[in-house]
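None of the figures in this text is laboratory data; all of them are computed from the coordinates on show. Quick caveat: nothing in here was measured; it's all calculated off a predicted structure.
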Amino acid sequence: MTLNVAAIIVLTSFLLPALPKSLGPAILFVIIGEEGDLFEGDIKFGLNYDRNKRFVLQNLPIAIAKQPALNPSIYSGTLWPNGTVYFKFDENISFENSQTFLTAIGIWEQHTCLKFQQGDENTTAYLLLTDTDGCSSYIGRVRIIQEVSISLSCQDVGHAIHELGHAIGLWHEHTRLDC
């Protein structure tokens, strides 16, 4: 797989569909790959992101302004209702990686008020836990089947905790939109 790193400018709604348009464009560093673009190496873009319409820029400064620790308007619509995160295992996930995810889920449940529940045939919005697509996740609930992946290079509990953290809505600390 060929990877290139570039600075791109995108509307913030490409990253999180629920973001207010008043936030305007943002400059982000993105890994551009054949199988999809990833923000900071492991965060998948939102459904509105069109890689064919991105603008590739170089050497642009990034201005960071102080904001409240949590801005609910930014996360509106991406939180899991009632703190319940539904998940299913990909039918091809290895036994070892399914156990890794279960261990990570147990840690999240032990240290937070979140509940993870295995989805059934009626569940329409859930995490599809897989080991086929690198190490990646969307940020927060995207209201569809959303892959959370750990593969050969990151198939340990720490990485599973990290990717599940993105799926519940956590950004990398230094790039959170509400910092």
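In whole Hz and in residue order, list the ³J(HN,Hα) couplings for the stretch 120-136 that follow from phi through the Karplus curve 6.51 cos²θ - 1.76 cosθ + 1.60, θ = phi - 60°; x for Gly and Pro.
3J(HN,Hα) across the stretch 120-136, in whole Hz: 10, 5, 8, 7, 9, 10, 7, 7, 9, 7, 9, 9, 10, 10, x, 10, 7.
Out of residues 5 or more away from Y86 or on other chains, whose amide H comes under 5 Å of its own, with H placed 1.01 Å from N in the peptide plane?
Long-range HN contacts for Y86: Q117, L127.
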